[in-house]
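A.B. asks: Let me give you the structure first, and then I'll get to my questions.
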Amino acid sequence: MSQLKQLEAIAQELIDLYEITAPPIPVETMLQRPIDNMWVAVDLNQMSGSFLSVRDLYSPRMSIARLLARHVVGSNWGKARNVPQLLNNDEDMLRVFTRMLLMPTEMMEALSSGARHQTALSMQFEVPEEDARLRLQEWNQT
């Protein structure tokens, strides 16, 4: 199984574990309420504003989602699924994994073909259009 397919499966497993069935993915809640102590709960109120990117309406969600992805990587759950090895300390791969978490394959497949363009994905999943565009490219490669 390819590296991207493995990461897709892990992202979907996490979405299923949280019983999320529709976008947008509640990354804030996932960080604040880890299942089975997967990681230490994050108090987003204690975070510095400099941590969040504000280039786009949804850029702060991407920053929080990357924080979630980092918690998955460092968790025993993520280690048991070889996430650190799959990402190999590569920041670009972390961003790919983050987009998978925010726009999971099963939810992408459930969209009509007309809704599979960057503007619609951006609005549906509450992500910047650039990330929606990149996710579409990555999704089409798997």
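No value in this document is a laboratory result; all are computed from the given coordinates. Model, not experiment: these values are computed from the prediction. Cβ placement follows ideal geometry from the backbone for every residue including glycine, while neighbour counts extend to all protein chains displayed.
A.B. asks: Can you compute 3J(HN,Hα) from phi for each residue in region 107-124, using the Karplus curve 6.51 cos²θ - 1.76 cosθ + 1.60 with θ = phi - 60°, rounded to whole Hz and x for Gly and Pro?
C.D. replies: 6, 5, 5, 6, 6, 5, 4, x, 8, 9, 9, 4, 5, 5, 4, 4, 6, 5
A.B. asks: Using the Cβ atoms and a cut-off under 12 Å, what net charge is assigned to the surroundings of ARG99, where Lys and Arg are +1 and Asp and Glu are -1? Don't jump to the answer; show the numbers that get you there.
C.D. replies: Numbers: positive: ARG61, ARG66, ARG95, ARG133, ARG135; negative: GLU8, ASP92, GLU130, ASP131, GLU138.
Here the count lands on 0.
A.B. asks: A follow-up question, please. Could you sort the peptides 28-37, 106-115 by per-residue average Cβ neighbour count (10 Å cutoff), highest mean leading?
C.D. replies: 28-37, 106-115
A.B. asks: Subtract the Cα-Cα distance of SER63 and GLU109 from 0.36 nm times their separation in residues, and report this length gain in nm to one decimal.
C.D. replies: Fully extending the segment from SER63 to GLU109 adds 14.1 nm.
A.B. asks: I need the calculated FRET efficiency for the pair GLN137 and ASP36, taking r as the beta carbon distance and R₀ as 22 Å, to the nearest 0.05. Write down the numbers at each step before the final one.
C.D. replies: On the way: r = 34 Å, r/R0 = 1.54.
For GLN137 and ASP36, the calculated efficiency is 0.05.
A.B. asks: On to the next question. Highest mean first, how do 61-68, 81-88, 10-17 rank when packing is the count of other Cβ atoms within 10 Å averaged over residues?
C.D. replies: Values: 61-68: 21.2, 81-88: 15.9, 10-17: 17.9.
Ranked by mean Cβ neighbours within 10 Å, highest first: 61-68, 10-17, 81-88.
A.B. asks: If you don't mind, another one. If amide hydrogens are placed 1.01 Å from N in the peptide plane, which non-local residues have theirs closer than 5 Å to the one on ASP56?
C.D. replies: Residues meeting the amide H criterion: none.
A.B. asks: Let me ask something else about it. Quick check: pseudo-label points 7 Å beyond the Cα along Cα→Cβ at ASP56 and ILE20, how many nm apart are they?
C.D. replies: That separation, rounded to one decimal, is 1.7 nm.
A.B. asks: Let me ask something else about it. Tell me the relative contact order for the chain as a rounded percent, counting alpha carbon contacts under 8 Å between residues six or more apart.
C.D. replies: The value is 30 percent.
A.B. asks: Next question. In whole Hz and in residue order, list the ³J(HN,Hα) couplings for region 12-26 that follow from phi through the Karplus curve 6.51 cos²θ - 1.76 cosθ + 1.60, θ = phi - 60°; x for Gly and Pro.
C.D. replies: Computed from phi, the couplings for region 12-26 are 5, 4, 5, 4, 5, 4, 7, 6, 8, 10, 8, x, x, 6, x Hz.
A.B. asks: To continue, here is another question. For semi-axes √(5λ) of the Cα gyration tensor in Å, which listed value, (1) 30, 15, 13; (2) 26, 18, 15; (3) 21, 19, 14, comes from the coordinates shown?
C.D. replies: Comparing each candidate, only (3) matches the computed number.
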